[in-house]
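Here is the structure we will look at.
FYI, it's all coordinate maths here, none of it is from the lab. All figures in this text were calculated on a predicted structure; none of them were measured in a lab. Please note: Cβ atoms are built from the backbone with ideal geometry, for glycine as well, and neighbour counts cover all protein chains shown.
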Amino acid sequence: MARKRAARGSVPPFIVMDVMRAANERAAAGEDIVHLEVGQPATPAPGAVLAAATAALRSDPLGYTDATGIADLRRRIARHYGELYGIDVDPGRIFVTTGSSGGFILAFLAAFDPGDRVALAEPGYPAYRNILTALGIEAVCIETGPETRFQPTPGLLEEQGRLDGLIVASPANPTGTMLDRDALGGLVDYCGRNGIRLVSDEIYHGIVYRGAADSALRFTDDAVIVNSFSKYFSMTGWRIGWLVVPPDLDRSIECLAQNLFISPPTLAQHAALAAFDCAEELDGNVARYAENRAILLEGLPRIGFARFAPADGAFYLYADVSAFGIDSRELSGRLLAEAGVAVAPGLDFDRRRGGGHIRISFAGSQEDMREALSRLGRWVAETRPVDAAQAI
C-alpha cells in the first residue's frame, strides 16, 4: 500500500546545487573544472574568525545558546548598524539564525499564513519562491526587466491585486541590481500604506560597486531584515545569519526558533563575533570581486556574451544568452561537459524567461575568470551554436 507523502516536498530543485554536484563529480573524476556556478566566496573566513573559533573549541563546552543567539553577538550586530548606516537598533530585536535560510523560514512562518500572497521579483533567488510554496504561501512572481532595473516598483505591485507581503533584495541575486534610497523608500511607503509586510534581504550588503546599499531600517521598524555572515564576511559554510525583527513578531519568531532550531550553531556564533573587526581583509575580498567583474565585463562581449543586468553589487553577472539558440539548462550542461566551465542556468531564477539567461559568479580568483574566458571563447569558436557576431 502506498504511504502518504507530503505535497510540500514536491517543490522544484535548486538547480544550481544540481549543477554544483555534477561539477564536483567531474572534478572528483579528475577533470579540471572552473566553478562559476555557486554564489559563495572562494576565500576562507578571516583569520581572526578562525582564531576565535579555535579559542572557543578550547574554552567553551559549545552547548546550546539562547534560541535568539549569544548576547554579545546580538549586541555586536546591533552596533554594526550604527557604524555602517547610522541607525540605532535595539539588540533585543536581533535574532541570530542558522544562516539566512533559517532566517527566511522563521520570518515567513511568523509573518504569513497558508494562502497569503507574497510578491517577489522574477528573476530572483529561487529559494524565496520554493520556501513560500512549501509553507502553503502563494508566491506572486512579478516579471521585472531593465526598465525597472530588475526590481519591483509600487506600480508593478499595484497590478498584483491583494498582497500580504513583499520580498526585496538589494543587491539582488542573480542580477546584482540595487534599489537606490528613493526607490527603496517608495516601496517601504507603499507597503506601509497597504498593510504589506516587507521582508528585506540584505545579505549582499558590503559587496557593492556603484553607490551604497541602504537598509530598509532607515525607513521603517515594521520590516523583517535578513542578513548573513555568508557573503561579505566570507563564512558561507559556517551557517550563521541574523534577523532584525519588528516588535510585533519578536515573540513569535523566538518561539518558532526554540522549536525548530533550538539555537544557532554555537561555534559559528563565537567565531562570527570576530568578523566585524576584519574590515581590511574583507574589503580586500570586495576589491578582488571588483577586478573580476571588470575582467568579465571586458572579456565576455568579445566572445559572444554581451548583454547583462547592471551588476551594481553582489558577485554575479546575469547574462542574456538567448542569441545562442540553446535553452539555458542545456547550455549550462554543455558548457560543463565540453568546456569544463560550470554556470547556473537562468531557469533557476526565472521560470518563464530564464531559458535565455545564465548566472555567472565572479567570486573566485582572477585566474579562474581568465581561464573561464579562454575556455568559453574556444567553445563558442568551435561549436558555433550561432554565429558569434549575431550573439554580440
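Summary of values
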quantity	calculated
D (Stokes-Einstein, µm²/s), Kirkwood Cα radius, the stretch 87-164, 1.567 mPa s at 4 °C	93 µm²/s
Qualifying chymotrypsin sites (Phe, Trp or Tyr not before Pro) for the stretch 29-106 [loop in DSSP, other Cβ within 10 Å: at most 12]	Tyr64
Taking the stretch 225-363 and dividing mean pair separation by its residue count, relative contact order in percent (alpha carbons under 8 Å, at least six apart)	17 percent
0 to 90° range, to nearest 10: angle between helix 366-383 axis and the chain longest Cα axis	40 degrees
The stretch 14-164: relative contact order in percent, alpha carbon pairs under 8 Å with at least 6 residues between	15 percent
Globularity index of the chain, i.e. its alpha-carbon radius of gyration over 2.2 N^0.38 Å	0.99
Degrees separating the helix 71-85 axis from the principal Cα axis of the chain, which is the longest one	60 degrees
Relative contact order %, the stretch 47-277, counting alpha carbon pairs below 8 Å whose residues are six or more apart	30 percent
Loop sites in the stretch 1-58: GluC sites (Glu not before Pro), DSSP, at most 13 other Cβ within 10 Å	Glu31
Antiparallel DSSP beta bridges within the chain, as percent of all bridges there, nearest 5	50 percent
Projected-area mean, the stretch 47-277, by convex hull of Cα positions, square nanometres	12.0 nm²
Proportion of all alpha-carbon pairs of the stretch 204-296 beyond 16 Å (%)	66 percent
Selected from Ala323, Gly115, Pro171, residue furthest toward positive end of dipole (the chain; charges at beta carbon)	Gly115
Kirkwood Rh in Å, taken over all unlike Cα pairs in the stretch 259-392	16.6 Å
Whole-Å distance, taken between Cα centres, linking the stretch 1-32 and the stretch 50-99	33 Å
Share antiparallel - DSSP beta bridges, the stretch 47-277, percent rounded to 5	30 percent
Crossing angle, helix 181-193 versus the chain [Cα axis fit, 0-90 degrees, rounded to tens]	50 degrees
Global form of the stretch 137-251, assessed from the alpha-carbon gyration tensor, a/c cut-off 1.5	oblate
Normalised convex hull volume, the stretch 317-366, alpha-carbon set, Å³ per residue	77 Å³
Longest segment of the chain lacking trypsin sites (Lys or Arg not before Pro) that sit in a DSSP loop with at most 11 other Cβ atoms within 10 Å	163-351
Overall form of the stretch 1-101 per C-alpha gyration tensor (a/c, 1.5; a/b vs b/c)	prolate
Dipole in debye (nearest 20) - the chain, about Cα centre, beta carbon charges: Lys, Arg +1; Asp, Glu -1	840 debye
